[in-house]
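Visitor: What follows is a single structure, and I will ask about it in a moment.
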Amino acid sequence: MKHAILQVALDLLDLDRALQIAREAVDGGAEWIEAGTPLIKSEGMQAIRSLREHFPGSVIVADMKVADTGTLEVEMAAKAGANIICILADADDSVITESIRAAQLYGVRIMADLINVNDPVSRAKHLESLGVH
């Protein structure tokens, strides 16, 4: 049986504060650390690089909310040290498939955010059939 994975979302603006929260969360059992969209917008790829440097054994999720340019954004996050890149589930299927191809190239996984999706169950099944992890 799989165990539940505890993920902490660092949805704030300040990298130093985010690193402090991440340390407390990891010490408390969090396995996945999410560089939230506000943190990425505020600090750029440095947020992901810093999380990777400080938490080499943790899974780093980059909540990029990719809606277009899937290849470039997946490449950026992967090269910065992310293990999982989050895309928008309502992005065009062409963006989804290019994100998946880039993920395969860089050895990372793709997660889809189902925000604003009218029928999340059927969309999730379709995304899985496309290769979203």
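Visitor: Among the lysines, which fall within straight-line cross-link reach of Lys41, defined as a Cα-Cα distance under 28 Å, with same-chain neighbours fewer than 8 residues apart omitted?
Guide: Within reach: Lys65, Lys79.
Visitor: Would you pull out the residues with amide H under 5 Å of Ile85's amide H, same chain only if 5 or more places away, H placed 1.01 Å from N?
Guide: Ala62, Arg109, Ile110, Met111
Visitor: Still on this model: Calculate how large, on average over all directions, the projected area of the Cα convex hull of the chain is; give the answer in nm² to one decimal.
Guide: 8.1
Visitor: Would you mind telling me which residue in Arg123, Arg52, Arg109 has the biggest mean-square fluctuation in a Gaussian network model of the chain, where springs connect alpha carbons within a distance under 10 angstrom?
Guide: Arg123
Visitor: Still on this model: Can you pull the one-decimal nm distance between simple spin-label points at His133 and Asp68, each 7 Å off the Cα toward Cβ?
Guide: 2.7
Visitor: Counting only heavy atoms of protein chains, what accessible area per residue, in Å², does the chain have with a probe of 1.4 Å?
Guide: 53
Visitor: While we're on this one: Mind checking which aspartates and glutamates have their C-alpha under 20 Å from Lys2, skipping anything on the same chain fewer than 8 residues away?
Guide: The reachable aspartates and glutamates, counting only those whose Cα sits under 20 Å from Lys2, are Glu31, Glu128.
Visitor: Just want to confirm a number: the relative contact order over region 1-123, from Cα pairs under 8 angstrom separated by 6+ residues, in percent.
Guide: Across region 1-123, relative contact order equals 19 percent.
Visitor: Continuing with the same structure: Can you work out the Karplus-derived ³J(HN,Hα) for every residue in region 39-52? Use 6.51 cos²θ - 1.76 cosθ + 1.60 with θ = phi - 60°, whole Hz, and x for glycine or proline.
Guide: 5, 5, 5, 7, 10, x, 5, 4, 4, 5, 4, 5, 4, 4
Visitor: Here's something else I'd like to know. Identify which of Leu105, Leu19, Leu39 has the largest mean-square fluctuation in a Gaussian network model of the chain, with springs joining Cα atoms closer than 10 Å.
Guide: Checking each option, the largest mean-square fluctuation is seen for Leu105.
Visitor: In deg cm²/dmol, rounded to 500, what helix-only [θ] at 222 nm does the chain give when every DSSP H run of at least 4 residues adds -39500 (n - 2.57) and the total is split over its residues?
Guide: Helix contribution divided over all residues of the chain: -15000 deg cm²/dmol.
Visitor: Here is a follow-up. With +1 on each Lys and Arg Cβ and -1 on each Asp and Glu Cβ, how big is the dipole of the chain about its Cα centre, in debye rounded to the nearest 20?
Guide: Numbers: 12 positive and 20 negative charges, 68 e Å.
Magnitude of the dipole: close to 320 debye.
Visitor: Of the accessible area of region 13-104, with the probe set at 1.4 angstrom, what percent is carbon plus sulfur?
Guide: 50
The values are calculated or read from the model by the stated rules, or taken from the named source; none is laboratory data. Just so it is clear, the model here is predicted, and its values are computed rather than measured. Every residue, glycine among them, receives a Cβ derived from its backbone with ideal geometry; neighbour counts consider all protein chains shown. For the accessible areas, the whole protein counts, side chains as well, though only heavy atoms, and no ligand, DNA or RNA atoms are used. Shrake-Rupley method; radii C 1.70, N 1.55, O 1.52, S 1.80 Å.
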